[in-house]
1. Please find, within segment 1-16, the residue that is farthest from the chain's Cα centre (by Cα) out of those that are surrounded by 13 or more Cβ atoms within 10 Å (Cβ to Cβ) and at pLDDT below 95.
2. Restricting to segment 76-127, and then to whatever is part of a loop (DSSP other than H, G, I, E, B) and not β-branched (Val, Ile, Thr), can you tell me which residue is nearest to the chain's Cα centre (by Cα)?
3. Exactly one of (1) crowded, with 18+ Cβ neighbours inside 10 Å; (2) more than 14 Å from the chain's Cα centre (by Cα) is unmet by Gly57. Its number?
4. For segment 1-30, name all the residues that are farther than 25 Å from Leu71 by Cβ, assigned to a helix (DSSP H, G or I) and of a type in the set (A, V, I, L, M).
5. Being charged (D, E, K, R), out of contact with any Cys (no Cβ under 6 Å at 6 or more places or on another chain), closer than 22 Å to Ala15 by Cβ and part of a helix (DSSP H, G or I) narrows it down to one of Arg61, Arg73, so name that one.
6. Of the residues Val75, Val90, Val62, which is surrounded by 15 or more Cβ atoms within 10 Å (Cβ to Cβ) and under 21 Å from Thr114 (Cβ atoms)?
7. Return the pairs, sorted by first residue and then second, in which the second residue is surrounded by fewer than 18 Cβ atoms within 10 Å (Cβ to Cβ) and β-branched (Val, Ile, Thr), the first residue lies in segment 75-99 and is within 17 Å of Ile43 (Cβ to Cβ), the beta carbons are less than 7 Å apart, and the residues are 6+ apart or on different chains.
Amino acid sequence: MTLRQYLIMMAVGTALSWGAVGLMVTMIDPTVSRPAVFAIFYISLLLALTGTFSLIGFVTRVTTLGKREQLSRQVAVSFRQAFILALILVFALFLRSHDVLTWWNALLIVGAATALESFFISASGRP
């Protein structure tokens, strides 16, 4: 798969995910919905945020780093970081919906995500 195909597929998938999130927000009543509906909402939100952050991160990496690194590595790193950031946001939203999100919970979530990213950076041997 070429970089162009990847970017087009990621953009289309992200747009479809945002469409699913929009439909769920406008068409579904959360007071009478089953847990499966909430699971689908959180999964589609995770996919939408991951795609958005990944595309933004990739474009930012290419414009700031230029051609100093391989594009495939920049795609992989931007996707990994986008997924971690989206996971933080969706998990915090989930905790907030159950009224258990506090500042120290948020701090623990961010700390765990930072440790996970640090692990990936140290395992790759590159900054």
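1. Leu3
2. The selected residue is Leu101.
3. Failing condition for Gly57: (2).
4. Ala20, Val21, Leu23, Met24, Val25, Met27
5. Arg61
6. Just a single option satisfies the conditions, and that option is Val90.
7. Ile88/Ile109; Ile88/Val110; Phe91/Ile109; Ala92/Ile109
Yes/no matrix, rows are residues, columns are (1) more than 25 Å from Gly111 (Cβ to Cβ); (2) out of contact with any Lys or Arg (no Cβ under 8 Å at 6 or more places or on another chain); (3) of a type in the set (D, E, K, R):
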residue: Phe58; (1), (2), (3): yes, yes, no
residue: Val62; (1), (2), (3): yes, yes, no
residue: Gln74; (1), (2), (3): yes, no, no
residue: Phe79; (1), (2), (3): no, yes, no
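The values are calculated or read from the model by the stated rules, or taken from the named source; none is laboratory data. Here the structure is a predicted model, which is why all the values come from computation and not from measurement. Here the Cβ is made from the backbone with ideal geometry for all residues, glycine too, and neighbour counts use every protein chain on show.
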